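Worksheet: one structure, shown below.
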Amino acid sequence: MTIIVPGSNTKKLASAVARLSGLKIAPKTVIKFPDGESYVRLMDSDLSGHKVFIIQTLYPKQNDCIIELMLTVDAAKRAGGKPVAVLPYAAYARQDKVFEKGEAFSLEVMGRTLKTLGAEMVIFVDAHFHRKVGAFDFFGIPARNISSLDLLLDYGKKLSKGKFTIVGPDKGSESFLSGLDGVVFLDKKKKFEDRDGKRSYRIETIVPTDMNGKTVLILDDMISGGGTMIGAAKALKKKGNRVFAGCVHGLFVSGSLEKLKNETEGIFCTDTIETEVSEVSVAGIIAEEIKRKK
Ligand code: R5P
């Protein structure tokens with residue numbers, strides 16, 4: 001048998017996946033003790049031979065989510081199940097290597113811990129560190145990256161009511177948007193200023209000269225502080241373009257969603273993280289992947 005165990009912050013998405021895949025949700029208790037510690041119990045203590053798809057997005061409060069995920073994988077394993085971690089949004093994916101001496105390798109810690117606990121597979125949705133769709137090895141665990149890009153494009157078409165030019169807000173979006181024809185990638189440059197004897201700089205987004213008067217859809221894998229997307233939206237708007245913006249993972253920290261609403265005619269993301277602009281559901285693509293793996 002195959003069952004789904006939702007993360008306590010991923011119940012809506014997990015229910016949609018269960019409905020679409022025809023699988024049962026297994027009851028789970030999660031308690032947060034007054035001192036901040038977490039407790040997880042799977043109510044079915046005999047999962048012998050069952051595939052257990054733990055659907056747990058890792059935002060907001062990523063550290064709490066990670067502990068809940070790890071405890072759930074352990075509980076599933078102890079109950080005799082075969083745990084598969086389904087991470088719609090995978091936190092710590094940006095520390096995907098040691099950039100500076102002395103740093104921790106956060107992503108490897110995630111992978112090695114999941115492996116040690118007995119996760120048999122990990123399924124990601126548009127993982128930041130792995131920009132290609134398909135199978136790969138995640139620190140010793142078989143993993144798959146599935147993409148919501150087609151869903152974002154379909155929604156963008158509906159929203160802009162017609163043709164649009166797809167824009168990558170910077171070079172960093174190249175791998176996420178690779179495979180799409182006619183994408184315009186913006187560039188960034190440092191603009192230096194001397195004021196009161198002090199030299200400082202700001203990052204300026206460079207828009208190609210022929211990008212004006214168009215309808216554009218800026219797409220990125222994630223929006224966090226929003227600097228990348230806001231810079232691109234402002235620069236494109238300044239040139240008379242109609243601007244729409246979308247991403248997979250909408251973290252929207254530091255009020256960036258409100259700022260983006262002011263700079264665009266429409267802003268949307270998927271429900272890998274539940275936000276007020278999660279217009280695109282990834283439940284269908286997760287359900288398809290689970291059906292293939294169950
Ligand atoms: C970078 O590689 C990513 O694709 C995003 O462009 C970036 O993480 C967005 O961050 P922020 O919203 O803070 O500019």
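The values are calculated or read from the model by the stated rules, or taken from the named source; none is laboratory data. Bear in mind the structure is a predicted one, so any value in this text is a computation, not a measurement. Neighbour counts run over all protein chains shown; Cβ positions are idealised from the backbone, glycine included. For the accessible areas, the whole protein counts, side chains as well, though only heavy atoms, and no ligand, DNA or RNA atoms are used. Shrake-Rupley method; radii C 1.70, N 1.55, O 1.52, S 1.80 Å.
Which of the pairs Lys237/Lys261; Lys97/Lys293; Lys171/Lys259; Lys171/Lys191 have their Cα atoms more than 20 Å apart in this structure? Each step should come with its number before you reach the end.
Working: Lys237/Lys261 13 Å; Lys97/Lys293 29 Å; Lys171/Lys259 22 Å; Lys171/Lys191 18 Å.
Cα-Cα > 20 Å for Lys97/Lys293; Lys171/Lys259; rest within.
Add -39500 (n - 2.57) for each DSSP H run of 4 or more in the chain, then divide by its residues: what number comes out at 222 nm, to the nearest 500 deg cm²/dmol?
Details: 8 runs with 87 residues, N = 294.
It comes out at -9000 deg cm²/dmol, rounded to the nearest 500.
Neighbours of Gly213, meaning other residues whose beta-carbon lies under 11 angstrom from its beta-carbon, give a summed charge of +2 when Lys and Arg score +1 and Asp and Glu score -1.
Take the solvent-accessible surface of the protein heavy atoms, probe 1.4 Å, and return the percent of it on the range 52-153 that carbon and sulfur atoms account for. That share works out to 53 percent. The Cα center of the range 33-66 and the Cα center of the range 185-209 differ in position by 45 Å. Remark: the chain carries 49 Å² of accessible area per residue (probe radius 1.4 Å; ligands, DNA and RNA excluded). Cα centroid distance between the range 101-154 and the range 263-278, in Å? Answer, in whole Å: 23. In summary, the chain shows an alpha-carbon radius of gyration equal to 1.09 times the 2.2 N^0.38 Å reference for compact globular proteins. In this structure, the pairs whose alpha-carbon distance is over 26 Å, taken from Lys132/Lys161; Lys132/Lys239; Lys61/Lys189; Lys11/Lys294, are Lys132/Lys161; Lys132/Lys239; Lys61/Lys189. Computed over the alpha carbons of the range 79-184, Rg followed by Dmax gives 16.7, 52 Å. Element breakdown for the range 231-288 at a 1.4 angstrom probe: carbon and sulfur atoms account for 48% of the accessible area. Averaging 1/r across all pairs of distinct Cα atoms in the range 147-202 and inverting the result yields a Kirkwood radius of 13.9 Å. Sorted largest first, the spans of the alpha carbon positions of the range 50-136 along the three principal axes are 41, 28, 23 Å.
Rg ratio for the range 188-287: its Cα radius of gyration over 2.2 N^0.38 Å, N being its residue count, equals 1.24.
Percent of Cα-Cα pairs more than 18 Å apart in the range 1-115, please.
Details: 3357 of 6555 pairs.
Everything past 18 Å amounts to 51 percent.
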